[in-house]
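Report on the structure given below.
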Amino acid sequence: MFVRTQTNGSRTYLLIVDNQWVDGKVKQRVLFRLGRLDQLLADGRLDALVQSLGRFSEKLAVLGARSRGESVTARSSRIGPALIFQRLWEACSIDKVLKHLLRDRRFEFSVERAIFLTVLHRLFTPGSARAAEKWRGDYTIPGAGALGLQHLYRAMAWLGEALPQDQPSDATPFAPRTIKDLMEEELFAQRRDLFSQLDLVFFDTTSIYFEGEGGQTLGQRGHSKDHRPDLKQMVVGVVLDQNGSPVCSELWPGNTADVKSLVPVVERLKTRFRIGTVCVVADRGMISAATVAEIEKREWRYILGVRMRSSRQAKAVVGRAGRYAEVHPQSENPDDPSPLKVKEVWVEEQRRYVVCVNEDQAAKDRYDREAVVAALREALRQGDKSLVGNRGYRKFLRSGGQQFAVDEDKVREEARYDGKWVLTTNPDLPAREVALKYKQLWMVEAVFRSMKSLLDTRPIFHQCDETIRGHVFCSFLALVLRKELEDRLVRKGWKLEWADVIRDLDNLLEMEVSLAGKSYVFRSEAKGTTGKVFQACGVALPPALRSC
(Lines give C-alpha, C1' and ligand atoms only; values in the text may rest on other atoms or scores of the structure.)
Protein backbone atom coordinates (compact mmCIF):
# COMPACT_ATOMS: atom_id res chain seq x y z
CA MET A 1 0.00 0.00 0.00
CA PHE A 2 1.37 3.41 -0.96
CA VAL A 3 0.47 6.94 -2.05
CA ARG A 4 0.63 8.10 -5.65
CA THR A 5 -0.49 11.07 -7.70
CA GLN A 6 -2.76 11.22 -10.73
CA THR A 7 -2.79 14.23 -13.07
CA ASN A 8 -5.83 15.19 -15.10
CA GLY A 9 -5.19 18.29 -17.16
CA SER A 10 -3.83 20.95 -14.82
CA ARG A 11 -4.95 19.26 -11.61
CA THR A 12 -3.07 16.67 -9.56
CA TYR A 13 -4.89 14.29 -7.22
CA LEU A 14 -3.52 12.21 -4.33
CA LEU A 15 -4.51 8.51 -4.22
CA ILE A 16 -3.96 5.62 -1.83
CA VAL A 17 -3.39 2.48 -3.89
CA ASP A 18 -2.10 -1.05 -3.58
CA ASN A 19 -0.75 -3.62 -6.02
CA GLN A 20 -2.55 -6.83 -6.87
CA TRP A 21 -1.47 -9.85 -8.88
CA VAL A 22 -4.15 -10.52 -11.52
CA ASP A 23 -3.81 -13.04 -14.37
CA GLY A 24 -0.04 -13.07 -14.06
CA LYS A 25 0.29 -9.28 -14.06
CA VAL A 26 0.59 -6.56 -11.42
CA LYS A 27 -2.39 -4.19 -11.39
CA GLN A 28 -2.98 -1.16 -9.17
CA ARG A 29 -6.23 -0.77 -7.26
CA VAL A 30 -7.34 2.62 -5.94
CA LEU A 31 -8.34 2.30 -2.29
CA PHE A 32 -9.11 5.94 -1.54
CA ARG A 33 -8.98 9.33 -3.27
CA LEU A 34 -7.68 11.96 -0.87
CA GLY A 35 -8.48 14.92 -3.12
CA ARG A 36 -6.61 17.62 -4.99
CA LEU A 37 -2.99 17.92 -3.90
CA ASP A 38 -2.90 21.75 -4.04
CA GLN A 39 -5.94 22.04 -1.78
CA LEU A 40 -4.63 19.44 0.70
CA LEU A 41 -1.39 21.39 1.00
CA ALA A 42 -3.05 24.80 1.20
CA ASP A 43 -5.41 24.09 4.09
CA GLY A 44 -3.00 21.86 6.07
CA ARG A 45 -5.12 18.71 5.86
CA LEU A 46 -2.20 16.69 4.44
CA ASP A 47 0.08 17.65 7.35
CA ALA A 48 -2.69 16.79 9.81
CA LEU A 49 -3.21 13.42 8.14
CA VAL A 50 0.51 12.57 8.24
CA GLN A 51 0.71 13.63 11.90
CA SER A 52 -2.30 11.50 12.75
CA LEU A 53 -0.81 8.46 11.01
CA GLY A 54 2.48 9.12 12.78
CA ARG A 55 0.89 8.13 16.08
CA PHE A 56 0.96 4.55 14.80
CA SER A 57 4.59 4.69 13.49
CA GLU A 58 7.54 4.71 15.90
CA LYS A 59 9.87 6.15 13.27
CA LEU A 60 7.59 9.10 12.45
CA ALA A 61 6.87 9.65 16.13
CA VAL A 62 10.57 10.17 16.82
CA LEU A 63 11.27 12.23 13.72
CA GLY A 64 8.34 14.59 14.34
CA ALA A 65 8.69 14.97 18.09
CA ARG A 66 11.04 17.97 18.10
CA SER A 67 8.95 19.87 15.52
CA ARG A 68 5.95 19.49 17.83
CA GLY A 69 7.93 20.99 20.74
CA GLU A 70 8.15 17.75 22.75
CA SER A 71 11.13 17.06 25.04
CA VAL A 72 13.72 14.75 23.44
CA THR A 73 16.95 13.52 25.10
CA ALA A 74 19.72 11.82 23.11
CA ARG A 75 23.01 9.99 23.73
CA SER A 76 25.42 8.88 20.99
CA SER A 77 28.04 6.13 21.00
CA ARG A 78 30.53 4.65 18.52
CA ILE A 79 29.68 1.01 17.79
CA GLY A 80 31.80 -0.06 14.80
CA PRO A 81 35.07 -0.97 16.57
CA ALA A 82 33.61 -3.35 19.15
CA LEU A 83 31.18 -5.03 16.71
CA ILE A 84 33.94 -6.00 14.29
CA PHE A 85 36.83 -6.76 16.59
CA GLN A 86 34.73 -8.66 19.11
CA ARG A 87 33.93 -11.10 16.28
CA LEU A 88 37.61 -11.38 15.35
CA TRP A 89 38.57 -11.68 19.04
CA GLU A 90 36.35 -14.76 19.22
CA ALA A 91 37.40 -16.09 15.79
CA CYS A 92 41.05 -16.05 16.91
CA SER A 93 40.01 -17.82 20.17
CA ILE A 94 41.62 -15.10 22.28
CA ASP A 95 38.63 -14.97 24.63
CA LYS A 96 38.67 -18.75 25.02
CA VAL A 97 42.40 -18.88 25.74
CA LEU A 98 42.12 -16.08 28.31
CA LYS A 99 39.24 -17.76 30.11
CA HIS A 100 41.18 -21.03 30.19
CA LEU A 101 44.24 -19.38 31.72
CA LEU A 102 42.07 -17.51 34.23
CA ARG A 103 40.10 -20.56 35.33
CA ASP A 104 41.87 -20.85 38.70
CA ARG A 105 42.18 -17.13 39.39
CA ARG A 106 39.62 -15.03 41.25
CA PHE A 107 39.58 -11.41 40.14
CA GLU A 108 36.72 -9.11 41.14
CA PHE A 109 36.57 -7.74 37.58
CA SER A 110 36.66 -9.21 34.07
CA VAL A 111 40.33 -9.49 33.08
CA GLU A 112 39.28 -10.62 29.61
CA ARG A 113 37.21 -7.44 29.10
CA ALA A 114 40.02 -5.24 30.42
CA ILE A 115 42.47 -6.77 27.92
CA PHE A 116 39.96 -6.47 25.08
CA LEU A 117 39.43 -2.78 25.87
CA THR A 118 43.18 -2.16 25.91
CA VAL A 119 43.72 -4.00 22.61
CA LEU A 120 40.81 -2.23 20.93
CA HIS A 121 42.22 1.12 22.00
CA ARG A 122 45.62 0.22 20.50
CA LEU A 123 43.98 -0.50 17.14
CA PHE A 124 42.25 2.85 16.91
CA THR A 125 44.20 5.33 19.01
CA PRO A 126 47.50 3.84 20.26
CA GLY A 127 48.27 5.18 23.70
CA SER A 128 48.58 4.47 27.40
CA ALA A 129 46.18 2.68 29.73
CA ARG A 130 45.13 6.04 31.15
CA ALA A 131 44.23 7.22 27.64
CA ALA A 132 42.31 3.97 27.02
CA GLU A 133 40.24 4.45 30.17
CA LYS A 134 39.18 7.93 28.98
CA TRP A 135 38.68 6.81 25.36
CA ARG A 136 36.21 4.10 26.40
CA GLY A 137 33.52 6.68 27.29
CA ASP A 138 32.69 7.38 23.64
CA TYR A 139 32.28 3.72 22.66
CA THR A 140 29.87 0.86 23.16
CA ILE A 141 32.01 -2.03 24.42
CA PRO A 142 29.96 -4.80 26.04
CA GLY A 143 31.16 -5.71 29.52
CA ALA A 144 33.65 -2.83 29.82
CA GLY A 145 31.43 -0.21 31.42
CA ALA A 146 32.52 -0.85 35.01
CA LEU A 147 36.25 -1.04 34.32
CA GLY A 148 38.55 1.53 35.88
CA LEU A 149 42.17 2.46 35.29
CA GLN A 150 43.39 0.17 38.09
CA HIS A 151 41.71 -2.78 36.35
CA LEU A 152 43.62 -2.12 33.13
CA TYR A 153 46.91 -1.97 35.03
CA ARG A 154 46.17 -5.19 36.92
CA ALA A 155 45.22 -7.00 33.70
CA MET A 156 48.50 -6.01 32.06
CA ALA A 157 50.45 -7.02 35.15
CA TRP A 158 48.77 -10.45 35.05
CA LEU A 159 49.79 -10.94 31.40
CA GLY A 160 53.42 -10.20 32.26
CA GLU A 161 53.43 -12.21 35.48
CA ALA A 162 56.35 -14.66 35.75
CA LEU A 163 55.42 -18.33 36.06
CA PRO A 164 56.41 -20.33 39.17
CA GLN A 165 59.96 -21.61 39.27
CA ASP A 166 58.84 -25.25 39.53
CA GLN A 167 57.28 -25.20 36.04
CA PRO A 168 59.29 -26.32 32.99
CA SER A 169 61.21 -23.29 31.75
CA ASP A 170 62.47 -22.34 28.32
CA ALA A 171 63.16 -18.77 29.35
CA THR A 172 65.81 -16.73 27.59
CA PRO A 173 68.73 -15.27 29.56
CA PHE A 174 67.09 -11.84 29.46
CA ALA A 175 63.42 -12.63 30.26
CA PRO A 176 61.50 -15.11 32.44
CA ARG A 177 58.69 -17.34 31.19
CA THR A 178 55.37 -15.54 31.72
CA ILE A 179 51.59 -15.78 31.31
CA LYS A 180 51.77 -14.09 27.93
CA ASP A 181 54.04 -16.93 26.73
CA LEU A 182 51.32 -19.44 27.60
CA MET A 183 48.85 -17.34 25.62
CA GLU A 184 51.09 -17.28 22.55
CA GLU A 185 51.52 -21.04 22.66
CA GLU A 186 47.80 -21.75 23.05
CA LEU A 187 46.89 -19.29 20.30
CA PHE A 188 49.40 -20.97 18.00
CA ALA A 189 47.96 -24.37 18.87
CA GLN A 190 44.47 -23.13 17.93
CA ARG A 191 45.60 -22.63 14.33
CA ARG A 192 48.18 -25.42 14.21
CA ASP A 193 46.18 -27.33 11.60
CA LEU A 194 46.93 -24.52 9.11
CA PHE A 195 50.64 -25.42 9.16
CA SER A 196 52.47 -28.42 7.84
CA GLN A 197 55.47 -27.11 9.76
CA LEU A 198 56.78 -23.77 10.96
CA ASP A 199 60.07 -23.87 9.12
CA LEU A 200 60.32 -20.25 7.97
CA VAL A 201 60.30 -17.36 10.42
CA PHE A 202 60.68 -13.63 9.95
CA PHE A 203 62.25 -11.72 12.77
CA ASP A 204 62.44 -7.98 13.31
CA THR A 205 62.97 -5.63 16.21
CA THR A 206 62.14 -2.13 17.31
CA SER A 207 62.89 -0.16 20.46
CA ILE A 208 60.74 1.78 22.89
CA TYR A 209 62.15 4.28 25.36
CA PHE A 210 60.99 5.06 28.89
CA GLU A 211 60.22 8.33 30.59
CA GLY A 212 60.98 8.88 34.27
CA GLU A 213 61.98 5.78 36.22
CA GLY A 214 60.20 3.33 33.91
CA GLY A 215 61.61 -0.18 33.61
CA GLN A 216 63.18 -2.05 36.51
CA THR A 217 65.51 -4.28 34.52
CA LEU A 218 64.22 -3.94 30.95
CA GLY A 219 65.15 -0.27 30.81
CA GLN A 220 68.80 0.05 29.78
CA ARG A 221 70.75 2.49 27.66
CA GLY A 222 71.84 1.22 24.25
CA HIS A 223 71.90 2.18 20.59
CA SER A 224 68.74 4.29 20.26
CA LYS A 225 66.79 4.03 17.01
CA ASP A 226 64.62 6.85 18.35
CA HIS A 227 67.63 9.18 18.70
CA ARG A 228 67.13 9.44 22.45
CA PRO A 229 70.40 8.11 23.90
CA ASP A 230 69.64 10.02 27.08
CA LEU A 231 66.74 7.71 27.96
CA LYS A 232 66.60 4.06 28.93
CA GLN A 233 64.98 1.75 26.42
CA MET A 234 63.93 -1.82 25.80
CA VAL A 235 64.03 -3.85 22.58
CA VAL A 236 60.91 -5.55 21.26
CA GLY A 237 61.20 -8.47 18.85
CA VAL A 238 58.34 -10.06 16.93
CA VAL A 239 58.39 -13.39 15.10
CA LEU A 240 56.07 -13.98 12.13
CA ASP A 241 55.44 -17.15 10.18
CA GLN A 242 55.64 -17.55 6.39
CA ASN A 243 52.11 -16.18 6.04
CA GLY A 244 52.90 -13.02 7.98
CA SER A 245 50.88 -14.16 10.98
CA PRO A 246 52.31 -13.16 14.40
CA VAL A 247 53.72 -16.11 16.33
CA CYS A 248 55.23 -14.55 19.44
CA SER A 249 56.87 -11.45 20.87
CA GLU A 250 59.97 -11.06 22.99
CA LEU A 251 61.38 -8.29 25.19
CA TRP A 252 64.90 -7.72 26.33
CA PRO A 253 66.96 -4.90 27.83
CA GLY A 254 67.90 -2.04 25.56
CA ASN A 255 71.64 -2.78 25.68
CA THR A 256 71.35 -6.38 24.40
CA ALA A 257 73.27 -7.11 21.19
CA ASP A 258 71.57 -9.03 18.39
CA VAL A 259 73.82 -12.08 18.82
CA LYS A 260 72.53 -12.36 22.40
CA SER A 261 68.89 -11.95 21.37
CA LEU A 262 68.32 -13.75 18.07
CA VAL A 263 70.01 -17.02 18.99
CA PRO A 264 68.12 -17.52 22.31
CA VAL A 265 64.83 -16.50 20.64
CA VAL A 266 65.25 -19.11 17.88
CA GLU A 267 66.28 -21.78 20.39
CA ARG A 268 63.17 -20.91 22.41
CA LEU A 269 60.99 -21.14 19.28
CA LYS A 270 62.14 -24.70 18.70
CA THR A 271 61.13 -25.66 22.23
CA ARG A 272 57.90 -23.68 22.59
CA PHE A 273 56.39 -24.53 19.21
CA ARG A 274 58.01 -27.93 18.57
CA ILE A 275 59.90 -26.77 15.48
CA GLY A 276 62.38 -29.14 13.93
CA THR A 277 64.30 -26.77 11.67
CA VAL A 278 64.22 -23.00 11.32
CA CYS A 279 65.10 -20.78 8.39
CA VAL A 280 65.78 -17.21 9.47
CA VAL A 281 64.92 -14.58 6.85
CA ALA A 282 66.14 -11.08 7.62
CA ASP A 283 67.92 -8.03 6.29
CA ARG A 284 71.65 -8.02 6.95
CA GLY A 285 71.24 -4.64 8.63
CA MET A 286 69.78 -6.23 11.75
CA ILE A 287 72.14 -9.22 11.95
CA SER A 288 75.84 -8.80 12.61
CA ALA A 289 78.69 -10.92 11.28
CA ALA A 290 79.02 -12.48 14.74
CA THR A 291 75.37 -13.56 14.66
CA VAL A 292 75.75 -15.05 11.17
CA ALA A 293 78.78 -17.00 12.41
CA GLU A 294 76.74 -18.31 15.35
CA ILE A 295 73.88 -19.30 13.03
CA GLU A 296 76.27 -21.21 10.79
CA LYS A 297 77.89 -22.85 13.80
CA ARG A 298 74.49 -24.18 14.87
CA GLU A 299 73.76 -25.27 11.28
CA TRP A 300 70.58 -23.23 11.03
CA ARG A 301 69.29 -22.19 7.65
CA TYR A 302 69.20 -18.53 6.68
CA ILE A 303 68.39 -16.18 3.83
CA LEU A 304 69.92 -12.74 4.38
CA GLY A 305 69.95 -9.57 2.36
CA VAL A 306 73.44 -8.23 1.57
CA ARG A 307 74.52 -4.59 1.64
CA MET A 308 75.70 -4.40 -1.95
CA ARG A 309 77.57 -1.08 -1.90
CA SER A 310 79.53 -1.71 1.30
CA SER A 311 80.44 -5.36 0.72
CA ARG A 312 83.45 -6.15 -1.44
CA GLN A 313 82.17 -9.63 -2.18
CA ALA A 314 78.72 -8.33 -3.08
CA LYS A 315 80.21 -5.88 -5.57
CA ALA A 316 82.12 -8.73 -7.19
CA VAL A 317 79.01 -10.92 -7.24
CA VAL A 318 76.93 -8.24 -9.00
CA GLY A 319 79.53 -7.93 -11.75
CA ARG A 320 80.00 -11.69 -12.21
CA ALA A 321 78.97 -12.92 -15.67
CA GLY A 322 76.21 -15.49 -15.91
CA ARG A 323 72.79 -16.24 -17.31
CA TYR A 324 69.68 -15.10 -15.43
CA ALA A 325 66.75 -17.48 -15.06
CA GLU A 326 63.29 -15.92 -15.36
CA VAL A 327 60.99 -16.40 -12.38
CA HIS A 328 58.18 -13.98 -13.29
CA PRO A 329 57.96 -12.34 -16.74
CA GLN A 330 57.08 -8.71 -17.28
CA SER A 331 53.34 -8.10 -17.52
CA GLU A 332 51.00 -5.17 -18.07
CA ASN A 333 48.48 -6.69 -15.65
CA PRO A 334 48.94 -4.88 -12.30
CA ASP A 335 47.67 -7.95 -10.43
CA ASP A 336 50.49 -10.14 -11.77
CA PRO A 337 53.69 -10.61 -9.72
CA SER A 338 56.51 -8.15 -10.28
CA PRO A 339 59.03 -9.28 -12.92
CA LEU A 340 61.89 -11.24 -11.42
CA LYS A 341 65.07 -12.88 -12.70
CA VAL A 342 67.69 -14.70 -10.59
CA LYS A 343 71.29 -15.81 -10.98
CA GLU A 344 73.27 -18.07 -8.63
CA VAL A 345 76.88 -17.17 -7.84
CA TRP A 346 79.37 -19.08 -5.68
CA VAL A 347 82.41 -17.41 -4.16
CA GLU A 348 85.36 -19.70 -3.50
CA GLU A 349 82.92 -22.64 -3.48
CA GLN A 350 81.97 -21.75 0.07
CA ARG A 351 79.61 -18.80 0.03
CA ARG A 352 76.43 -18.97 -2.03
CA TYR A 353 74.84 -15.80 -3.39
CA VAL A 354 71.69 -15.19 -5.39
CA VAL A 355 71.55 -12.04 -7.53
CA CYS A 356 67.99 -10.88 -8.22
CA VAL A 357 66.82 -8.28 -10.71
CA ASN A 358 63.47 -6.58 -11.31
CA GLU A 359 63.40 -4.97 -14.77
CA ASP A 360 60.61 -2.57 -13.81
CA GLN A 361 62.57 -1.39 -10.78
CA ALA A 362 65.71 -1.16 -12.92
CA ALA A 363 63.92 1.22 -15.30
CA LYS A 364 62.76 3.34 -12.38
CA ASP A 365 66.23 3.41 -10.80
CA ARG A 366 67.73 4.45 -14.15
CA TYR A 367 65.16 7.22 -14.65
CA ASP A 368 65.64 8.56 -11.10
CA ARG A 369 69.42 8.56 -11.40
CA GLU A 370 69.41 10.28 -14.79
CA ALA A 371 67.06 12.95 -13.44
CA VAL A 372 69.34 13.61 -10.45
CA VAL A 373 72.49 13.75 -12.58
CA ALA A 374 70.84 16.05 -15.13
CA ALA A 375 69.75 18.44 -12.36
CA LEU A 376 73.25 18.28 -10.89
CA ARG A 377 74.89 19.18 -14.22
CA GLU A 378 72.58 22.14 -14.58
CA ALA A 379 73.31 23.33 -11.04
CA LEU A 380 77.08 22.98 -11.54
CA ARG A 381 76.92 25.30 -14.52
CA GLN A 382 75.88 27.96 -12.03
CA GLY A 383 78.88 27.16 -9.83
CA ASP A 384 76.87 26.43 -6.67
CA LYS A 385 79.26 24.67 -4.30
CA SER A 386 76.53 24.40 -1.66
CA LEU A 387 75.24 21.37 -3.57
CA VAL A 388 77.72 19.27 -1.63
CA GLY A 389 75.23 19.36 1.26
CA ASN A 390 72.54 17.71 -0.87
CA ARG A 391 72.72 13.95 -0.25
CA GLY A 392 71.17 13.10 -3.60
CA TYR A 393 73.76 15.20 -5.44
CA ARG A 394 76.71 14.46 -3.16
CA LYS A 395 76.73 10.80 -4.24
CA PHE A 396 77.71 11.83 -7.78
CA LEU A 397 80.07 14.73 -6.96
CA ARG A 398 83.86 14.75 -7.05
CA SER A 399 86.18 17.54 -6.14
CA GLY A 400 88.45 18.90 -8.84
CA GLY A 401 90.48 21.48 -6.96
CA GLN A 402 88.54 24.72 -6.87
CA GLN A 403 85.57 23.23 -8.74
CA PHE A 404 83.16 20.36 -8.36
CA ALA A 405 82.30 18.00 -11.20
CA VAL A 406 80.12 15.00 -11.90
CA ASP A 407 81.86 11.75 -10.95
CA GLU A 408 81.25 9.76 -14.13
CA ASP A 409 82.78 6.61 -12.64
CA LYS A 410 80.30 6.77 -9.77
CA VAL A 411 77.42 7.20 -12.21
CA ARG A 412 78.50 4.10 -14.12
CA GLU A 413 79.00 2.14 -10.89
CA GLU A 414 75.50 3.01 -9.64
CA ALA A 415 74.05 1.81 -12.97
CA ARG A 416 75.32 -1.69 -12.15
CA TYR A 417 72.87 -1.90 -9.24
CA ASP A 418 69.71 -0.84 -11.10
CA GLY A 419 66.82 -3.06 -10.01
CA LYS A 420 69.14 -5.54 -8.28
CA TRP A 421 69.54 -6.98 -4.82
CA VAL A 422 71.84 -9.70 -3.53
CA LEU A 423 71.10 -12.50 -1.08
CA THR A 424 73.38 -14.90 0.75
CA THR A 425 72.00 -18.24 1.85
CA ASN A 426 72.90 -21.73 2.97
CA PRO A 427 69.69 -23.75 2.36
CA ASP A 428 69.75 -26.26 -0.45
CA LEU A 429 66.91 -24.45 -2.23
CA PRO A 430 66.69 -23.47 -5.91
CA ALA A 431 67.70 -19.86 -6.51
CA ARG A 432 64.14 -18.92 -7.49
CA GLU A 433 62.79 -20.24 -4.17
CA VAL A 434 65.42 -18.31 -2.23
CA ALA A 435 64.38 -15.09 -4.00
CA LEU A 436 60.66 -15.69 -3.51
CA LYS A 437 61.07 -16.44 0.19
CA TYR A 438 63.09 -13.28 0.66
CA LYS A 439 60.43 -11.28 -1.19
CA GLN A 440 58.00 -12.50 1.45
CA LEU A 441 60.06 -10.48 3.90
CA TRP A 442 59.09 -7.32 2.05
CA MET A 443 55.42 -8.19 2.40
CA VAL A 444 55.92 -9.07 6.03
CA GLU A 445 57.71 -5.76 6.65
CA ALA A 446 54.32 -4.08 6.19
CA VAL A 447 53.15 -6.11 9.18
CA PHE A 448 56.20 -5.01 11.15
CA ARG A 449 55.43 -1.38 10.33
CA SER A 450 51.92 -2.00 11.66
CA MET A 451 53.43 -3.49 14.81
CA LYS A 452 55.66 -0.48 15.30
CA SER A 453 52.74 1.92 14.94
CA LEU A 454 50.70 -0.14 17.40
CA LEU A 455 53.63 0.02 19.80
CA ASP A 456 53.70 3.81 19.50
CA THR A 457 52.54 4.20 23.09
CA ARG A 458 55.21 6.59 24.26
CA PRO A 459 55.87 7.77 26.83
CA ILE A 460 55.91 4.62 28.95
CA PHE A 461 55.88 5.32 32.67
CA HIS A 462 55.40 1.72 33.90
CA GLN A 463 58.06 0.82 36.43
CA CYS A 464 57.30 -2.88 36.94
CA ASP A 465 58.58 -5.30 34.33
CA GLU A 466 55.44 -7.46 34.43
CA THR A 467 53.22 -4.46 33.58
CA ILE A 468 55.57 -3.48 30.76
CA ARG A 469 55.43 -6.98 29.32
CA GLY A 470 51.63 -6.95 29.45
CA HIS A 471 51.55 -3.46 27.94
CA VAL A 472 53.56 -4.62 24.91
CA PHE A 473 51.68 -7.90 24.60
CA CYS A 474 48.40 -6.01 24.19
CA SER A 475 49.96 -4.40 21.11
CA PHE A 476 50.90 -7.89 19.90
CA LEU A 477 47.27 -8.99 20.27
CA ALA A 478 46.19 -5.90 18.34
CA LEU A 479 48.54 -7.00 15.57
CA VAL A 480 46.92 -10.47 15.60
CA LEU A 481 43.46 -8.93 15.13
CA ARG A 482 44.62 -6.57 12.41
CA LYS A 483 46.20 -9.44 10.45
CA GLU A 484 43.02 -11.50 10.81
CA LEU A 485 40.89 -8.67 9.40
CA GLU A 486 43.30 -8.00 6.54
CA ASP A 487 43.34 -11.70 5.63
CA ARG A 488 39.54 -11.78 5.49
CA LEU A 489 39.45 -8.74 3.23
CA VAL A 490 42.07 -10.28 0.92
CA ARG A 491 40.02 -13.50 0.66
CA LYS A 492 37.12 -11.35 -0.54
CA GLY A 493 39.39 -9.77 -3.13
CA TRP A 494 39.22 -6.30 -1.53
CA LYS A 495 42.26 -4.08 -1.13
CA LEU A 496 41.28 -1.50 1.45
CA GLU A 497 43.53 1.07 3.09
CA TRP A 498 43.87 0.38 6.79
CA ALA A 499 43.47 4.06 7.65
CA ASP A 500 40.15 4.11 5.76
CA VAL A 501 38.94 0.98 7.55
CA ILE A 502 39.71 2.43 10.99
CA ARG A 503 38.21 5.82 10.17
CA ASP A 504 34.99 4.41 8.72
CA LEU A 505 34.45 1.96 11.58
CA ASP A 506 35.10 4.72 14.08
CA ASN A 507 32.42 6.86 12.41
CA LEU A 508 29.66 4.26 12.73
CA LEU A 509 27.43 5.66 15.48
CA GLU A 510 24.27 4.84 17.34
CA MET A 511 22.13 7.52 18.95
CA GLU A 512 19.67 6.64 21.68
CA VAL A 513 16.66 8.99 21.81
CA SER A 514 14.22 9.06 24.73
CA LEU A 515 10.71 10.39 23.99
CA ALA A 516 7.55 10.27 26.08
CA GLY A 517 8.84 7.41 28.21
CA LYS A 518 10.06 5.36 25.24
CA SER A 519 13.59 4.92 23.91
CA TYR A 520 14.64 4.53 20.29
CA VAL A 521 18.07 3.85 18.77
CA PHE A 522 19.17 5.31 15.44
CA ARG A 523 22.19 3.99 13.52
CA SER A 524 24.24 6.30 11.31
CA GLU A 525 24.85 5.52 7.65
CA ALA A 526 27.50 2.87 6.96
CA LYS A 527 29.92 4.90 4.85
CA GLY A 528 33.07 4.09 2.91
CA THR A 529 34.58 0.69 3.65
CA THR A 530 32.23 -0.15 6.53
CA GLY A 531 29.85 -2.37 4.56
CA LYS A 532 32.67 -4.48 3.11
CA VAL A 533 34.34 -4.87 6.52
CA PHE A 534 31.10 -6.07 8.10
CA GLN A 535 30.54 -8.47 5.21
CA ALA A 536 34.09 -9.87 5.39
CA CYS A 537 33.69 -10.52 9.12
CA GLY A 538 30.20 -12.01 8.84
CA VAL A 539 28.69 -9.36 11.12
CA ALA A 540 25.21 -7.94 10.44
CA LEU A 541 24.78 -4.19 10.60
CA PRO A 542 22.32 -3.14 13.31
CA PRO A 543 18.96 -1.84 12.01
CA ALA A 544 18.74 1.83 11.13
CA LEU A 545 16.06 2.34 13.81
CA ARG A 546 14.88 0.15 16.65
CA SER A 547 13.02 0.60 19.91
CA CYS A 548 14.55 -0.45 23.20
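The values are calculated or read from the model by the stated rules, or taken from the named source; none is laboratory data. Since the structure is predicted, the reported quantities are computational estimates derived from the model, not experimental observations. Quick reminder, even Gly has a Cβ in these numbers, built from the backbone with ideal geometry, and neighbours come from all protein chains shown.
Annotations
- Yes/no for Gly44 being at pLDDT below 85, in contact with a helix residue (DSSP H, G or I) (Cβ under 6 Å, 6 or more places away or on another chain) and either of a type outside the set (Asp, Glu) or more than 30 Å from Glu512 (Cα to Cα) (or both): no
- Subset of segment 291-327 [loosely packed, with under 14 Cβ neighbours inside 10 Å, touching a residue at least 40 places away in the same chain (Cβ under 8 Å) and of a type in the set (Lys, Arg)]: Arg309
- The single residue among Glu512, Glu466 that is over 21 Å from His121 (Cα atoms) and of a type in the set (Asp, Glu) turns out to be Glu512.
- When Leu380 is tested against (1) surrounded by 17 or more Cβ atoms within 10 Å (Cβ to Cβ); (2) aliphatic (A, V, I, L, M); (3) closer than 19 Å to Arg432 by Cα, just one condition goes unmet, and that condition is (3).
Matching residues to (1) out of contact with any Lys or Arg (no Cβ under 8 Å at 6 or more places or on another chain); (2) within 27 Å of Ala114 (Cβ to Cβ); (3) charged (D, E, K, R); (4) not in a helix (DSSP H, G or I):
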{"site": "Glu484", "(1), (2), (3), (4)": "yes, yes, yes, no"}
{"site": "Gly493", "(1), (2), (3), (4)": "yes, no, no, yes"}
{"site": "Asp500", "(1), (2), (3), (4)": "yes, no, yes, no"}
{"site": "Phe522", "(1), (2), (3), (4)": "yes, no, no, yes"}
{"site": "Glu525", "(1), (2), (3), (4)": "yes, no, yes, yes"}
{"site": "Ala536", "(1), (2), (3), (4)": "no, no, no, no"}
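- Residue count for segment 287-310, restricted to those that are polar (S, T, N, Q) and touching a strand residue (DSSP E or B) at 6+ places or on another chain (Cβ under 8 Å): 0.
- Those helices (runs of 4 or more DSSP H) of segment 85-194 in which at least 3 residues are within 23 Å of Lys483 (Cα to Cα), considering only elements entirely within it, cover 94-101, 111-124, 179-190.
- The number of residues in segment 147-175 being out of contact with any helix residue (DSSP H, G or I) (no Cβ under 9 Å at 6 or more places or on another chain) and either at pLDDT 90 or above or buried (at least 20 other Cβ atoms within 10 Å of the Cβ) (or both) comes to 1.
- Residue satisfying all of: in segment 120-146; within 21 Å of Met511 (Cα to Cα) and free of Cβ contacts under 8 Å to residues at least 24 places away in the same chain; surrounded by the fewest Cβ atoms within 10 Å (Cβ to Cβ) among these: Gly137
- First in segment 425-437 and modelled with pLDDT of 85 or more, second anywhere and in a loop (DSSP other than H, G, I, E, B), Cβ under 8 Å, 6 or more apart: Val434/Pro427
- Taken over segment 460-501, the residue count meeting the criterion of being farther than 15 Å from Glu161 by Cβ and out of contact with any Phe, Trp or Tyr (no Cβ under 6 Å at 6 or more places or on another chain) is 28.
- Candidates Arg307, Arg268, Arg351, filtered to the one that is within 14 Å of Trp421 (Cβ to Cβ) and charged (D, E, K, R): Arg307
Conditions (1) exposed (fewer than 15 other Cβ atoms within 10 Å of the Cβ); (2) closer than 19 Å to Ile141 by Cα; (3) polar (S, T, N, Q); (4) at pLDDT 90 or above, marked per residue:
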{"residue": "Lys495", "(1), (2), (3), (4)": "yes, no, no, no"}
{"residue": "Arg503", "(1), (2), (3), (4)": "no, yes, no, yes"}
{"residue": "Leu509", "(1), (2), (3), (4)": "no, yes, no, yes"}
{"residue": "Leu515", "(1), (2), (3), (4)": "no, no, no, no"}
{"residue": "Phe522", "(1), (2), (3), (4)": "no, yes, no, no"}
{"residue": "Gly528", "(1), (2), (3), (4)": "no, no, no, yes"}
{"residue": "Cys537", "(1), (2), (3), (4)": "no, yes, no, yes"}
